[in-house]
Amino acid sequence: MTQNLIHHPASWIERLARLGYVSKGVVYGIVGLLAAQVAFGTGGKTTDTKGALQTLVEQPFGKFVLALVAIGLIGYVIWRFVQAIKDPENKGVAKRVGYAMNGVIYGSLAYSAVQILLGSGGGSNSNSTQDWTARLLSQPFGQWLVGTMGALIIGFGFYQFYKAYTAKFRRKLNLTELSNTERNWVMGICRFGLIARGIVFCIIGWFLIQAATQYNAQAAGGLDEALQTLAQQPYGPWLLGFVALGLIAYGIYMAIKARYSQLVVN
């Protein structure tokens, strides 16, 4: 068995990838759960993924669970860079760049998790989006850079809607052991999660476009601000509740990917 593992490092990469999907799901699930509590008036708070890590460490056995999540996030980062470098599914340059960017983003989140475990902060920082937006705005063509990034993020949001509508992600899930009813439930949960994530990305992208047109970094915002904006709209609790439950569904989708994905490693 040991010899088999030594000769097949791909098996370790696959395990890291699956643990990574679970960790990502836990983070989104916590963000959704806290926002749902706000929507339904039972406490909670709107927060981002780093805030979710801080909330996790404050729970019973929080440090142990956060350590597992941190390991999983590191595994997810490794998996994304394997996809970016080796391109095992022959996705092409654009997709590989996307995988690398995703790896960098979740690398930052993994770093925050380690910082929290070591007691050196790393929790939610609501000004981080505004900080890097301000730095971009100060560059030559800064408004164009920020506006373009906002448009790309909105485009990514619409891509989530497209994925939910076409359900092509099903091809990568081996659901043969499930009944038709179970498969329908799985697909419904996955689609709901993608729709909610798409809504959040569209709002974040709109924030950036506003920041660019107004030349004002304070107009930028991340996941936390997007959820707050939903809560402040007419029928805010309903809107926030819908997206919050959707983010929980997205967390479940990540767990489903961890269990049923047909991963191409070589």
Residue within the range 93-109 that is over 23 Å from LEU152 (Cα atoms), crowded, with 22+ Cβ neighbours inside 10 Å and at pLDDT 90 or above present: no
Note on the range 168-183: residues open to solvent by 50 Å² or more (accessible area, probe 1.4 Å) and in contact with a Leu (Cβ under 9 Å, 6 or more places away or on another chain) are LYS172, GLU182
Those residues of the range 153-177 which are assigned to a helix (DSSP H, G or I) and touching a helix residue (DSSP H, G or I) at 6+ places or on another chain (Cβ under 7 Å) amount to ILE153, ILE154, PHE156, GLY157, PHE158, GLN160, PHE161, LYS163, ALA164, PHE169, ARG170
Flag if LEU53 is within 20 Å of ILE252 (Cα to Cα), surrounded by fewer than 20 Cβ atoms within 10 Å (Cβ to Cβ) and in contact (Cβ under 8 Å) with a residue 24 or more places away in the chain: no
Condition (residue is hydroxyl-bearing (Ser, Thr, Tyr), more than 20 Å from GLY155 (Cα to Cα) and either in contact (Cβ under 8 Å) with a residue 12 or more places away in the chain or in contact with a Pro (Cβ under 8 Å, 6 or more places away or on another chain) (or both)) applied to the range 203-216: is it met by at least one residue? yes
Just to be sure I understand, how many residues within the range 178-195 are free of Cβ contacts under 8 Å to residues at least 60 places away in the same chain and assigned to a helix (DSSP H, G or I)? 12
Which condition breaks for LYS86 when tested against (1) at pLDDT 90 or above; (2) over 21 Å from the mean Cα position of the chain (by Cα)? (1)
Condition first: outside any loop (DSSP other than H, G, I, E, B) and open to solvent by less than 10 Å² (accessible area, probe 1.4 Å). Now tell me which residues in the range 213-232 satisfy that. ALA226, LEU227
Is at least one residue of the range 233-251 in a helix (DSSP H, G or I), crowded, with 20+ Cβ neighbours inside 10 Å and more than 19 Å from the chain's Cα centre (by Cα)? no
Given the conditions (1) buried (at least 22 other Cβ atoms within 10 Å of the Cβ); (2) under 21 Å from VAL200 (Cβ atoms); (3) modelled with pLDDT under 95, and given that PHE40 satisfies all but one, which numbered condition is not satisfied? (1)
Just the residues that are modelled with pLDDT of 90 or more and either open to solvent by 90 Å² or more (accessible area, probe 1.4 Å) or closer than 15 Å to TYR260 by Cβ (or both), please, taken from the range 139-167. TRP144, LEU152, PHE158, TYR162, TYR165, ALA167
With the structure loaded, tell me whether PHE192 is closer than 30 Å to GLN210 by Cβ and modelled with pLDDT of 95 or more or whether it fails that test. yes
Filter result (open to solvent by less than 20 Å² (accessible area, probe 1.4 Å), at pLDDT 90 or above and of a type in the set (A, V, I, L, M, F, W, C)) within the range 110-138: ALA110, ALA113, ILE116
May I ask you to verify whether TYR260 is crowded, with 22+ Cβ neighbours inside 10 Å, among the aromatic types (Phe, Trp, Tyr) and closer than 24 Å to LYS163 by Cα? no
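The values are calculated or read from the model by the stated rules, or taken from the named source; none is laboratory data. Quick caveat: nothing in here was measured; it's all calculated off a predicted structure. Counting neighbours? That spans all protein chains shown, and the Cβs are built from the backbone with ideal geometry, glycine included. Surface accessibility is based on the protein's heavy atoms, side chains included, excluding ligands, DNA and RNA. Shrake-Rupley method; radii C 1.70, N 1.55, O 1.52, S 1.80 Å.
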